[in-house]
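Structure record follows, encoded as structure tokens.
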Amino acid sequence: APSPTTAVPYMSVKCIDVRKNHHKTKWLMPWGPNHCKKLKDFDEAVSRQIEANDIVFAVHIPLPSKEMSPWFQFMLFIMQLDIAFKMDNDLKENAEITLDVSLAYRDDMFDDWEEIAHAIEIRKLKCTFGSPKTVESEGRHYDCDFLPFMEIGSVAHKYYLINIRLPVNDRKGINVGIGEIKDIRLVGIHQNGGFTKVWFAMKTFLTPSILIIMVWYWRRITLMTRAPVLLEKVIFALGISMTFINIPVEWFSIGFDWTWMLLFGDIRQGIFYAMLLSFWIIFCGEHMMDQNERNRLSGYWKQVGPIAVGSFCLFIFDMCERGVQLKNPFYSIWTTEVGTELAMAFIIVAGICLCLYFLFLCFMVFQVFRNISGKQSSLPAMSKARRLHYEGLIFRFKFLMLITLACAAMTVIFFIVSQVTEGHWKWGDITIQVNSAFFTGIYGMWNLYVFALMFLYAPSHKNYGEDQSNGDLGVNSGEELQLTTTITHVDGPTEVYKLARKEAQE
């Protein structure tokens, strides 16, 4: 697949708007048949006695002779200001810039522009100046951080227009002490159409395959004479959450202007993450031989509780960012100091919790391995057929545990890297290039893992009873009982599960 996203740089055009009631009259186009009257620079504005309030920075998306497409899925815009140093108009410390921004769309080059959103936003300027602030340095530019500007969750129209004003009011101190702004640049980031098609194709192909294995798996469980055990219920719940992610509702975003798709995608992924992390804890716990009363969800509240709390915190954080953007696409939680600190705290705490969770999971896997290895000492006393059967099961179980650890590690890495990539425009220096193989690979890995779990952990209909076990070496009935299910019904859960559970009951 092509790389997931493309970044396109845009340079704003300085338009003159001398009409009163600016916004109610017209939109200013940077180029084309009805383009605005332009300024080369602010020196020209001074010589022509044009006020700052009459200058509009106009950006047309996309560039000339191109069109936007619903396949692009979303648009994220970052702003960069070119600010020059002047002795009589220096940049104040902790300066804030007030932007009067409007966004419009049209689907034909000759239609009128329709407004999508209008907002007055404040952004903090974080700039450094490399040279000493002397007369000789006048005209040199500050080095300023990127500013989060706008995010839209769908690209339903062909053409977009952004008009930005910098209203100046000396009495109220609006846009005073922000230095001499020379230009406004925007970087537009959108998903690649080619990557979107590969992603949709994967979802469309994987949805029926997981659905089929789920139906088969649950049918195998209902054929049993006993009720499903906790592990079987949790595997089925994991299958449901995977299907929830797989269902390709994104196809509708090609025909409908659904701006909430980004938020919906985050919620789906969050539910799957929470389910996956809870499943790994329960999966290891159910194979421990530690005298605890298992097979009840209430026995895992200490481990599953923090996962639920963490997921809820991340959901609230997401609602504060993407939830508000449904109404105002120019809003960003990163614009205020409190918001930035909260957002960073959420992501850092989530990262630390994930790393601690992974270490705890490694510890549980180590304990399970040690217990299973101890149990292997009773294998030589069994009949040949039964011994080979159990050796195969133990090998399969160990292999699945190692795959679980590998998936856990990859998931933790994916979560941290995706947060950093999403935030690197907002934080400044950190840049990580994530290619499409990583996204499609992790997504495919989750599906294969869930598929394999349901396939390997479906209850067996085969019976390794006394006729086999008492053959070769004449194992007595006590040894036979020790390795059969701890549940009173004959058709218990999987053999390895039985093997592990027996010790706990003893």
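The values are calculated or read from the model by the stated rules, or taken from the named source; none is laboratory data. None of these values were measured; they are calculated from a predicted model. Every residue, glycine as well, gets a Cβ built from its backbone with ideal geometry; the counts of neighbours run over all protein chains shown. The protein model used for the area step is the full one, side chains on, heavy atoms only, and it has no ligands, DNA or RNA in it. Shrake-Rupley method; radii C 1.70, N 1.55, O 1.52, S 1.80 Å.
Taking (1) outside any strand (DSSP E or B); (2) of a type in the set (A, V, I, L, M); (3) open to solvent by less than 50 Å² (accessible area, probe 1.4 Å) in turn, I97 satisfies each apart from (1). Report yes if I333 is closer than 30 Å to Q269 by Cβ, among the hydrophobic types (A, V, I, L, M, F, W, C) and open to solvent by 50 Å² or more (accessible area, probe 1.4 Å), otherwise no. In short, no. Per the conditions (1) under 22 Å from F200 (Cβ atoms); (2) open to solvent by less than 30 Å² (accessible area, probe 1.4 Å), the sole criterion not satisfied by L277 is (1).
Of all residues in segment 138-172, count the ones that are touching a Lys or Arg at 6+ places or on another chain (Cβ under 8 Å), of a type in the set (D, E) and not in a loop (DSSP other than H, G, I, E, B). Number of matching residues: 1.
Kindly evaluate F363 against the criterion of being farther than 30 Å from P148 by Cβ, open to solvent by 60 Å² or more (accessible area, probe 1.4 Å) and either assigned by the TED database to the domain that holds A117 or at pLDDT 80 or above (or both). When the stated conditions are applied, F363 passes them.
Per-residue answers, yes or no, for (1) free of Cβ contacts under 8 Å to residues at least 60 places away in the same chain; (2) of a type outside the set (A, V, I, L, M, F, W, C); (3) surrounded by 12 or more Cβ atoms within 10 Å (Cβ to Cβ); (4) assigned by the TED database to the domain that holds L453:
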position: G339; (1), (2), (3), (4): yes, yes, yes, yes
position: A345; (1), (2), (3), (4): yes, no, yes, yes
position: A350; (1), (2), (3), (4): no, no, yes, yes
position: F358; (1), (2), (3), (4): yes, no, yes, yes
position: F369; (1), (2), (3), (4): yes, no, yes, yes
position: S377; (1), (2), (3), (4): yes, yes, no, yes
position: R387; (1), (2), (3), (4): yes, yes, yes, yes
position: Y390; (1), (2), (3), (4): no, yes, yes, yes
position: L393; (1), (2), (3), (4): no, no, yes, yes
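Tell me, yes or no, whether segment 127-134 has at least one residue that is open to solvent by 20 Å² or more (accessible area, probe 1.4 Å), assigned by the TED database to the domain that holds M29, farther than 23 Å from H35 by Cβ and outside any loop (DSSP other than H, G, I, E, B). Scanning segment 127-134 turns up at least one residue that is open to solvent by 20 Å² or more (accessible area, probe 1.4 Å), assigned by the TED database to the domain that holds M29, farther than 23 Å from H35 by Cβ and outside any loop (DSSP other than H, G, I, E, B). Six or more apart or on different chains, Cβ under 6 Å: which pairs go from a residue in segment 65-82 that's part of a strand (DSSP E or B) to one that's open to solvent by 40 Å² or more (accessible area, probe 1.4 Å)? Could you list them? Partner pairs satisfying both residue conditions: I78/F146; I78/W425; Q80/F146; Q80/R185; D82/H141; D82/K182. Scanning segment 44-56 for any residue that is on the phi > 0 side of the Ramachandran plot and surrounded by fewer than 17 Cβ atoms within 10 Å (Cβ to Cβ) turns up at least one such residue. Reported count of residues in segment 216-239, each being among the β-branched types (V, I, T) and surrounded by 12 or more Cβ atoms within 10 Å (Cβ to Cβ), is 4.
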